[in-house]
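Visitor: Handing you a structure now.
The values are calculated or read from the model by the stated rules, or taken from the named source; none is laboratory data. All of these numbers come straight from a predicted model, not from anything done at the bench. Every residue, glycine as well, gets a Cβ built from its backbone with ideal geometry; the counts of neighbours run over all protein chains shown.
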Amino acid sequence: MVRKLSGLTSFVLVSSLSLAQSKYICKMSEVTFFSSAPLEDITAVNTAMTGLVDFEGKQFLARIPIIKFDFPNDLMEEHFNENYMDTEEHPNATFKGTFQEDIDPTKAGQYTIKCLGKLNIHGVEQDREIDVTLDINKKSITATSEFIVALEDHEIDIPKIVFQKIAEEIDVSINATFEPLK
């Protein structure tokens, strides 16, 4: 009886450990967007993304606070938040969804997954499929991705007067480090 109880206890402990290791939380991030227009190139960086990946459930969630984008000058930042992104009304961009690939977060290597989900920017959701590369090592997982966001898809209006300074499509790159959720 003691032997069976010990075996059951070991099974429960191992199961709990593997369940905990299937969930990873974002510890560091850098989200960059780049707008290339005829009169001006604009780059902004945000290091405040939060996120969670559940490898067992094949689900993910990422949230980016819009106000945390850092621009080359304060006026650009002010215009971005007040005139284009309506940051007070739409404070976050989110991407939430699933992936189909079976990934063991404890096996080192590089993997590419297709993340299928809802990208919400400026309060407008769009179905998206975004490729993400995962670099898995013993202590963490680095997720990188590059994709394009069309402003019209998220009802972000650019006044005609600055049309030559802001691109209609924005290049977005993400580099985020995830660690096991404890």
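Visitor: One residue is enough: does region 118-136 have a residue meeting the conditions over 20 Å from SER29 (Cα atoms), at pLDDT 95 or above and crowded, with 18+ Cβ neighbours inside 10 Å?
Guide: Checking region 118-136: at least one residue is over 20 Å from SER29 (Cα atoms), at pLDDT 95 or above and crowded, with 18+ Cβ neighbours inside 10 Å.
Visitor: Being in contact (Cβ under 8 Å) with a residue 40 or more places away in the chain, over 25 Å from ALA37 (Cα atoms) and of a type in the set (D, E, K, R) narrows it down to one residue among LYS114, LYS96, LYS139; which is it?
Guide: Answer to the check: LYS139.
Visitor: Turning to a different aspect of this structure: Go through the residues of region 94-117 one by one and say whether even a single one is hydrophobic (A, V, I, L, M, F, W, C), out of contact with any Pro (no Cβ under 8 Å at 6 or more places or on another chain), in a strand (DSSP E or B) and more than 30 Å from PRO180 (Cβ to Cβ).
Guide: No, region 94-117 contains no residue that is hydrophobic (A, V, I, L, M, F, W, C), out of contact with any Pro (no Cβ under 8 Å at 6 or more places or on another chain), in a strand (DSSP E or B) and more than 30 Å from PRO180 (Cβ to Cβ).
Visitor: Sticking with this one: Being of a type in the set (Asp, Glu), over 9 Å from the mean Cα position of the chain (by Cα) and more than 24 Å from PRO180 (Cβ to Cβ) narrows it down to one residue among GLU30, GLU56, GLU40; which is it?
Guide: Details: GLU30 fails: more than 24 Å from PRO180 (Cβ to Cβ); GLU56 fails: more than 24 Å from PRO180 (Cβ to Cβ).
Answer to the check: GLU40.
Visitor: Of the residues that sit in region 62-92 and are part of a loop (DSSP other than H, G, I, E, B) and among the polar types (S, T, N, Q), which one is nearest to the chain's Cα centre (by Cα)?
Guide: THR87
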